[in-house]
Structures are given as structure tokens and as C-alpha cells.
Amino acid sequence: MAALPLATAEVCDAHPHLIQNGELRALQPIFQIYGRRQVFSGPIVTLKVFEDNVLVREFLEEKGNGRVLVVDGGGSMRSAILGGNPVQQAQNNGWAGILVNGCIRDVDEINGCDIGVRALASHPMKANKKGIGEKHVPVNIAGTRLCDGEWLYADSDGILVSRTELTV
């Protein structure tokens, strides 16, 4: 994980050449901010699911080592694929953050956790538990392709993805 949190605006200002060549991309500003950690960054781990949270829970039970779990939930607004218990587990297991292209629930509980969470919205209904999905695959979220091993930087200005770890 980066030694000090990087401000996304400063990263953009310091690396215009990376923006130009596509190595630094900004996600469309469609995500809500949850969790106590407003600024977070780390290497990306990807997961693709649809209205099913079994694999999400499995990932967050592992040691995070400062990584960011990126979950492509297909943008579904019909149920929550992340709730308070797995977020607490993620916090305890050292995950830097979680980005969900879908919904979450247990917002008050999540907002009490020292972890960064970004999601489209909250929804009270829970997800299915079939264990269907794909791990470590490229995902397309908010107009941007994200791959395992790339770096995600998030703060109140937005979310950036870089092919490599950056400094300012």
C-alpha cells in the first residue's frame, strides 16, 4: 500500500502523460462513499458476480494485505451483494477498500468500519448464495477496464486506476 494516501487530483496533475497514453484512467463519478476510510489505495483483485455474494465473502475472509477488492456486480440495483459482516471481516483482515459495481446494505455498520467502500447505492434485500462468479478476470466498470494487479486510488474527488503504483 502507498506510504501516504495520494490525492486523486494531485495524481492527475502529476501524471498527464499517463492519462494521455491510457495508463491512468478515471472511473465515471457514479459511486457513493461509505466507510470511515475516505482515502484509500492498493493493488486490485477482481471479481465478477451477479446478485450473488458467496465469492465476495470468500475473498474478504482472506488476508487483504492492503489490497482493494473490485466487485463487478453488473450494476444490479435489485439486491445488495455486500453487507456489514463481510466489511467488518475485510477491515479485520487488512483490506484497504472495496469497490462494488452494485448495491450494499447495513450502511450504518459499514460507515463504522475503518475501510473504504464505494458502491452505486444501498438496498435492503440480500443477495443469492449460489457461489457463481469469476475470480481474477478483467472487469468493465464505470467506463473503465480494471485488471488484477493494477492500482486503485480513491478519495472524495473520485477513483483512479493505474497500471502501476504511482507517486506524486
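The values are calculated or read from the model by the stated rules, or taken from the named source; none is laboratory data. Keep in mind the model is a prediction, meaning the values are calculated, not measured. Note that we place each Cβ from the backbone using ideal geometry, even for glycine, and neighbour counts take in every protein chain shown. To get the accessible areas, we keep the full protein, side chains included, count just its heavy atoms, and leave off ligands, DNA and RNA. Shrake-Rupley method; radii C 1.70, N 1.55, O 1.52, S 1.80 Å.
Some values worked out for this structure:
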read-out: Hits in segment 130-156 - residues which are buried (at least 16 other Cβ atoms within 10 Å of the Cβ) and touching a Ser or Thr at 6+ places or on another chain (Cβ under 8 Å); value: VAL139, LEU146, ASP148, GLU150, TRP151, LEU152, TYR153, ALA154, ASP155
read-out: Candidate set from segment 97-109 (those that are of a type in the set (A, V, I, L, M, F, W, C) and more than 13 Å from PHE59 (Cβ to Cβ)); member that is most open to solvent (accessible area, probe 1.4 Å); value: VAL107
read-out: Only listed residue being of a type outside the set (Ser, Thr, Tyr), within 14 Å of ASN53 (Cβ to Cβ) and modelled with pLDDT under 95, chosen from ASN128, ASN85, ASN101; value: ASN128
read-out: Those residues of segment 53-62 which are buried (at least 18 other Cβ atoms within 10 Å of the Cβ) and either hydroxyl-bearing (Ser, Thr, Tyr) or not in a helix (DSSP H, G or I) (or both), in sequence order; value: ASN53
read-out: Elements of type strands (runs of 3 or more DSSP E) contained in segment 63-168, each with 3 or more residues being over 27 Å from ALA14 (Cα atoms); value: 80-82, 97-104, 116-122
read-out: Subset of segment 115-125 [farther than 18 Å from PHE59 by Cα and either crowded, with 20+ Cβ neighbours inside 10 Å or touching a Gly at 6+ places or on another chain (Cβ under 9 Å) (or both)]; value: LEU120, ALA121, HIS123
read-out: Qualifying residues in segment 68-85 (those that are free of Cβ contacts under 8 Å to residues at least 60 places away in the same chain and crowded, with 24+ Cβ neighbours inside 10 Å) - the one farthest from the chain's Cα centre (by Cα); value: ALA80
